[in-house]
1. Collect the residues in the range 17-32 that are modelled with pLDDT under 95 and open to solvent by 50 Å² or more (accessible area, probe 1.4 Å), keeping them in residue-number order.
2. What are the residues in the range 165-194 that are in contact with a Lys or Arg (Cβ under 9 Å, 6 or more places away or on another chain) and open to solvent by 20 Å² or more (accessible area, probe 1.4 Å), if any?
3. I want to confirm something. Restricting to the range 290-334 and keeping residues that are of a type in the set (Val, Ile, Thr) and closer than 28 Å to LEU433 by Cβ, which single residue is modelled with the lowest pLDDT?
4. If you go through the range 313-325 one residue at a time, do you hit one that is of a type outside the set (D, E, K, R), in contact with a strand residue (DSSP E or B) (Cβ under 6 Å, 6 or more places away or on another chain) and closer than 29 Å to TYR143 by Cβ?
5. Hey, can you tell me all the residues within the range 252-299 that are in a loop (DSSP other than H, G, I, E, B) and open to solvent by 50 Å² or more (accessible area, probe 1.4 Å)?
6. Just checking, how many residues over the range 25-79 are part of a helix (DSSP H, G or I), of a type in the set (D, E, K, R) and more than 24 Å from ILE136 (Cβ to Cβ)?
7. Does any residue of the range 398-406 turn out to be within 24 Å of GLN244 (Cβ to Cβ) and either under 22 Å from the mean Cα position of the chain (by Cα) or open to solvent by 20 Å² or more (accessible area, probe 1.4 Å) (or both)?
8. Looking at the range 127-216, what helices (runs of 4 or more DSSP H) fall wholly within it and have at least 2 residues that are under 30 Å from LEU478 (Cα atoms)?
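The values are calculated or read from the model by the stated rules, or taken from the named source; none is laboratory data. Please read all numbers here as calculations on a predicted model, not as lab measurements. Virtual Cβ from ideal backbone geometry, glycine too; neighbours counted across all protein chains shown. Heads up: the accessible areas ignore ligands, DNA and RNA and are worked out on the full protein's heavy atoms, side chains in. Shrake-Rupley method; radii C 1.70, N 1.55, O 1.52, S 1.80 Å.
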Amino acid sequence: MLVKTFAAAVNGISATIITIEVSCTKGIQFFLVGLPDVAVRESHERIISALQVNGYQFPRSRIIINMAPADIRKEGSAYDLPLAIGIMAAAGDIDATLLDKYMLMGELSLDGSLQPVKGALPIAIKAREEGFKGFILPKQNAYEAAVVDKLEILGVENIKDVIEFFRGKNRLEPTIVNTRDEFFAHQQHFDGDFADVRGQENVKRALEVAAAGGHNIIMIGPPGSGKSMLAKRLPSILPPLTLQEALETTKIHSVAGKIGEHISLLSQRPFRSPHHTISNVAMVGGGSFPQPGEISLAHNGILFLDELPEFNRNVLEVLRQPLEDRHINISRARFAVDYPAGFMLVASMNPCPCGYYNHPTRPCVCPPGAVQKYMNRISGPLLDRIDIQIEIVPVPFEKISEQRSSEASASVRERVIRAREIQKKRFADEASLYCNAQMGSKHLHKYAVPDHAGLSLLKNAMQRLNLSARAYDRILKLSRTIADLDDSDNIRSCHFAEAINYRNLDRESWGLL
C-alpha cells in the first residue's frame with residue numbers, strides 16, 4: 001500500500017513542503033531515500049522503539065520511503081513523526097484518508113514522547129499557504145505555531161495520541177492564542193530604565209538620537225563610566241515592535257530554536273550581546289546545518305558589542321556588508337540561504353589598553369603609540385558605518401550620590417516614537433525604508449538638504465576633521481533625525497552642529513599620545 005504524509009524543511013526563514021511517500025509490500029527490508037542526513041536515517045530505530053513501548057507493532061514488511069523533492073537535503077530528527085505515521089498507514093494500521101489534511105512534525109523519544117522542533121512558525125505559515133487543515137506537532141511548540149490563524153494547531157505529547165487521533169478514537173484539542181492581546185500586554189515591560197542612570201546627560205541624548213533614527217552608535221570611555229549600563233537600557237526607549245516586525249523576528253528565533261514553550265510572538269525588540277570570542281559563523285550565520293547568526297537574531301533590535309577592539313578583526317569586518325544591506329546572504333557549495341539582518345549596532349570600548357586615556361583624574365600609563373595602535377584594531381570603513389561616536393567621562397561623586405531621579409525612559413520613548421512617526425509619513429511611498437538611518441544618497445538630496453549656514457559649517461568640519469564621503473552622509477542623516485526630534489521641517493545650523501559633535505573619533509587630536 002502506498003500512502004503520503006506531509007512535513008516541511010526550513011531554508012533560511014521560509015519552509016518547503018516535503019512529501020513523504022511510504023510503500024509497504026511483502027518482504028523484510030527497509031529503504032529510506034530522498035537525500036536524508038544521518039539524523040533522518042537514524043529515525044528507524046527511534047520509531048521501532050516508540051511504537052513497541054506504546055503497544056504497537058512495527059510492520060514486518062518491505063518498506064520503501066521516499067522524501068520528495070529528492071534534491072533538497074533533509075536534515076534533523078523532526079521527521080520522526082511523519083515517517084512513523086506514514087509507516088503505520090502504509091501497513092493498514094491507520095486510516096490514511098485524513099493524512100493529506102495535516103502537516104506533521106516532531107522528534108520521537110524511545111518511549112514515544114515528542115521533543116520540540118525548530119522552525120515551527122515558518123512551517124505553520126507554509127501549511128496555511130498550502131491549504132492544510134491543521135498542523136500536528138509537539139506540545140512545546142504549539143504556542144509558537146498558534147500565531148498563525150485559520151490553521152488548527154494540535155499540540156501532542158506522545159505518538160500514541162496521534163495514532164489514536166487518525167484511528168478516530170481520540171480528539172485533539174487545538175491550541176488557541178489571542179495573539180494581539182498577548183503581544184500588546186508585554187510591550188511595556190523592561191528590566192532597566194534611564195531613571196536609574198545618574199548623570200551622563202550628553203550620552204543619554206546621543207542614545208535618544210540613535211533610537212529616533214535607528215543609527216549605529218559607539219561609546220568610548222574608561223572602565224566603570226556606565227557604557228554597558230546605558231546600552232542595556234536602550235531597548236526601553238526604542239519604539240515598540242509592530243505586529244509585522246514581531247512576526248518576522250519571531251520566525252528567525254523559531255528557526256534558531258530560541259522560542260520558549262509558552263511564548264507566541266516576541267513582544268520586545270531583541271537585545272543580543274555576544275562574547276568577544278565569537279566566531280565568524282556564529283556572528284553571521286551558516287554552518288554545516290545552516291542557522292541564523294547573532295546579526296539575524298538581533299533583527300529589528302540591537303546588537304551590542306562590548307569591548308569592541310577585543311573582537312577578532314575578521315568578525316568585525318564581516319559586519320560591514322550587513323550594516324549597509326540589512327540582510328546577509330550565505331553561499332556555500334551545498335546551499336545558499338538569505339537571512340534578514342536589520343539590526344542597530346551599539347558598541348562600547350575603552351579608549352586605550354589601560355582604559356584611562358583622556359580620564360579627568362587618572363593618568364594613562366600606556367606607552368607612546370599604544371592608544372593609536374589600540375584604535376587601529378577597528379578599521380576605518382567599519383567606524384565610518386557608525387553614525388554616532390560619543391565619548392563618556394566618569395560620573396562625579398556629586399551626581400552619583402544625588403537623590404533626584406533622572407528622566408524616565410517612558411518620557412524619552414514618547415519623543416522617539418513621535419520622531420519615528422514623522423519618518424514613517426516621510427517614507428510612506430518608499431519601499432523598505434522606515435527610518436533616517438536607512439536613507440540612501442537620493443533620499444539625502446531630497447530630505448536632508450543643508451541651507452547656506454549649514455553648508456558652511458559642514459565644509460569646515462569636513463576640512464578640519466578630514467572626513468570621508470560616507471561620514472558626510474552620516475552627518476546629514478543624524479541632522480535629519482535631530483531636526484525630527486525638534487519637530488522641525490528644516491535642518492538648522494544647530495542640528496548640524498550637534499551631529500558633527502557626535503563624530504568624536506574623527507578629531508585630529510584623538511589618540512595622539
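1. THR25, LYS26, ILE28, GLN29, PHE30, PHE31
2. Within the range 165-194, PHE165, ASN170, THR175, PHE190, ASP191, ASP193 qualify.
3. Once the filter is applied, the top-ranked residue is ILE330.
4. Within the range 313-325, none of the residues are of a type outside the set (D, E, K, R), in contact with a strand residue (DSSP E or B) (Cβ under 6 Å, 6 or more places away or on another chain) and closer than 29 Å to TYR143 by Cβ.
5. LYS258, GLU261, HIS262, ILE263, GLN268, SER273, HIS275, HIS276, THR277, SER279, SER288, PHE289
6. Residues that pass the stated criteria total 0.
7. no
8. 201-213
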